[in-house]
Amino acid sequence: MEGTVVKGIAGFYYVKAGEQVYQCKARGLFKKDGIKVTVGDEVKIQLHEGSDALITEIKPRKNAFIRPPIVNVDCFAVVFAITQPQPNFAIIDRFLVMAEKSNLEIILCANKADLAEEAELQRVKDIYGGLYPLMLVSGKTGQGMDELKTWLKGKKCALAGPSGVGKSTILNALEPQVAAETGEISQKTKRGKHTTRHVEIFDTAFGAMLFDTPGFTSFEVLEADEEELAHLYPEMQDYLGQCRYDNCRHIKEPDCRIREAVTEGKINKSRYGSYVEQIKEIREKSKKW
Ligand SMILES: Nc1nc2c(ncn2[C@@H]2O[C@H](COP(=O)(O)OP(=O)(O)OP(=O)(O)O)[C@@H](O)[C@H]2O)c(=O)[nH]1
Ligand SMILES: [Zn+2]
């Protein structure tokens, strides 16, 4: 039988196959390959009468995240607030770069549309409108939720974004049942900062599977290298290879096509600023080693 690992606690894995969830054990067989069964895994299981089922095979993964530990994410909904708090575009772009690197579909959820001024909305549209599907939503009023559901349907999705932008509120608007269960857990988690908690993926009535990943707020490391970074900015693709130097990093080099495109307004300044910041960060990090 085949199914999806929806939860792992204390050595047990919970595998959803059809409408049933089976409590399973995983024997040592994966450990020798350095693989640990993870939430999101597609697996084969064997049922044993009178005892726990056994996971016998892990299917190849599409992608894998360490913090939080989840795999096979089809879609990242990167959430930010259009206002209150003001968007931190550098952080949004880091989420986007990570998502680009992970081979998954990206949608942007600009939340708190109910509070946003026209100018604030316009700024967000100017930066991201042509790059990614951009949804103006409000977890509070429900604006945009139907459109969001249509995008998420049929996929394993994670809401990602900084603290306080409204991820829990959106989750609640999408599927109150899921939010209720995760709310309880986060209450417990908030008591101790380093409490580890389990990750879970929930089936929704509208046909998406949602990872409950409240920890998906920041990144330990930016895993791109200098050369790769520009490839993770979709708007730069058309211009790569047209700079004077083959190894141009598009910072100060002469005859740089990317910087030209920024001047011409073809690449957004805010996005380019994030790129430069990330290059500097990658350089800093390589100095330490
Ligand atoms: N007006 C308005 N307020 C919102 C909206 N979405 C969230 N809020 C409020 O913004 C605050 C933060 O929302 P949360 O859903 O807790 O944010 P979060 O991203 O889950 O935050 P963390 O749990 O810290 O990661 C709360 O006070 C919400 O009531 C919205 O669309 N409109
Ligand atoms: Zn260049």
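No lab work stands behind these numbers, since they all come straight from the coordinates. Model, not experiment: these values are computed from the prediction. Note that each Cβ is placed from the backbone with ideal geometry, even for glycine, and that neighbours are counted across all protein chains shown.
At a glance:
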| item | result |
| --- | --- |
| Footprinting exposure proxy for Thr83, Thr263 (fewest neighbouring C-beta atoms within 10 Å first) | Thr263, Thr83 |
| Neighbour-count ranking [beta-carbon atoms within 10 angstrom, fewest first] of Glu235, Glu277, Glu118 | Glu118, Glu277, Glu235 |
| Chain lengthening between Asp126 and Asp255 when straightened (0.36 nm per residue, less Cα-Cα) | 43.8 nm |
| DSSP bridge orientation in the chain - percent antiparallel, rounded to nearest 5 | 55 percent |
| Anisotropy class of the range 65-212 from Cα gyration tensor, a/c 1.5 cut | rounded |
| Virtual spin-label span in nm between Ala205 and Glu49, 7 Å along Cα→Cβ | 3.9 nm |
| Using a Förster distance of 51 Å, the FRET efficiency for Gln84-Glu19 (Cβ separation, nearest 0.05) | 0.80 |
| Given charges at beta-carbon only (K, R positive; D, E negative), |dipole| of the range 65-212 in Debye | 600 debye |
| Among Arg27, Arg61, Arg259, residue whose mean-square fluctuation peaks in a GNM of the chain (springs only between Cα atoms under 10 Å) | Arg27 |
| Rounded to the nearest 20 debye, dipole of the range 2-60 from Cβ charges on Lys, Arg, Asp, Glu | 280 debye |
| Lysines with Cα under 18 Å of Lys112, excluding same-chain neighbours fewer than 8 positions away | Lys125, Lys140, Lys149, Lys167 |
| Selected from Ile107, Ile82, Ile58 as most flexible by GNM, with the chain as the system and alpha-carbon contacts under 10 Å | Ile58 |
| Spin-label model distance (nm) - Glu105 vs His231, 7 Å beyond Cα toward Cβ | 2.4 nm |
| C-alpha center-to-center spacing [the range 1-70, the range 216-285] in angstrom | 39 Å |
| Which of Leu240, Leu229, Leu54 has the fewest Cβ neighbours within 10 Å, and the rest in rising order | Leu240, Leu54, Leu229 |
| Inter-probe distance in nm under a simple model that places probes 7 Å from Cα toward Cβ, at Lys31 and Lys59 | 2.7 nm |
| Beta bridge orientation in the range 22-131: antiparallel %, DSSP, nearest 5 | 40 percent |
| Lys pairs, the range 226-288 - Cα-Cα below 28 angstrom, 8 or more residues apart or on other chains | 11 |
